[in-house]
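Taking it in order: structure first as structure tokens, then the write-up.
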Amino acid sequence: MKILILTFVLLIGCDQSQNKENTFKSSQQRYNCVLNVNIEFADSMILNNAKLFNKTYSQNDSCYLIFLDNLLKRSCEIKSQENLILIDSLYKISDGYVAEYFADTIGVSLFENCFESLLEFVSRNNQTSLLNLLIHSLDYNIDISKRYDKQSIINKLNYYSKNESNVEYRKIISSIVKKLK
């Protein structure tokens, strides 16, 4: 069992020089954290056992949040459904500060930066919790942080709906608007 856990340990702050093109390196001084992650290894671990990944890496708060930010960035930049699956998997098991971070930051970023990909993902995956994340995140940012005005979000959603030719996407947008009212 120890060997199995050791093989899954993704070393934070350790240089993994092999496979450099598939390794994401991030250094952010505000967190005083250096994160070297073999992307394929992390993705595989999340898909196979998100709880183990979460338990192992959420102990280093700032590095874990940086990892989530980078996963979100990958999702939006390459419009990857696979990365949205990973975000969904981690969101489903999140709690505490990670759940707050999903509500405060990740959900809003999905809305602002990759709404089309999110609509496509939600329309194809009935079991996803990302629609709930989006609604919870928008509510949080309207009511608690006061980052957004409710009517401006509803207007933006209605604009998307009017310009969207996909009927399924319009239904999803309509359900979001109803839950926000």
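Report whether or not LYS25 is basic (Lys, Arg) and at pLDDT 80 or above. For LYS25, the condition - basic (Lys, Arg) and at pLDDT 80 or above - is not met.
Restricted to helices (runs of 4 or more DSSP H) entirely inside region 60-139, those with at least 1 residues that are touching a Gly at 6+ places or on another chain (Cβ under 6 Å) and modelled with pLDDT of 90 or more are 130-139.
Test PHE41 against the stated conditions and say whether it is more than 15 Å from the chain's Cα centre (by Cα), under 21 Å from ASN113 (Cβ atoms) and at pLDDT below 90. Here the answer is no, as PHE41 does not meet what is asked. Of everything in region 100-130 that is under 20 Å from ASN163 (Cα atoms) and of a type in the set (A, V, I, L, M, F, W, C), the residue that is surrounded by the most Cβ atoms within 10 Å (Cβ to Cβ) is LEU118.
The values are calculated or read from the model by the stated rules, or taken from the named source; none is laboratory data. Since this is a predicted model, take the numbers as computed values, not measurements. Methodologically, a virtual Cβ is constructed for each residue, glycine included, from the backbone with ideal geometry; neighbour enumeration extends over all protein chains shown.
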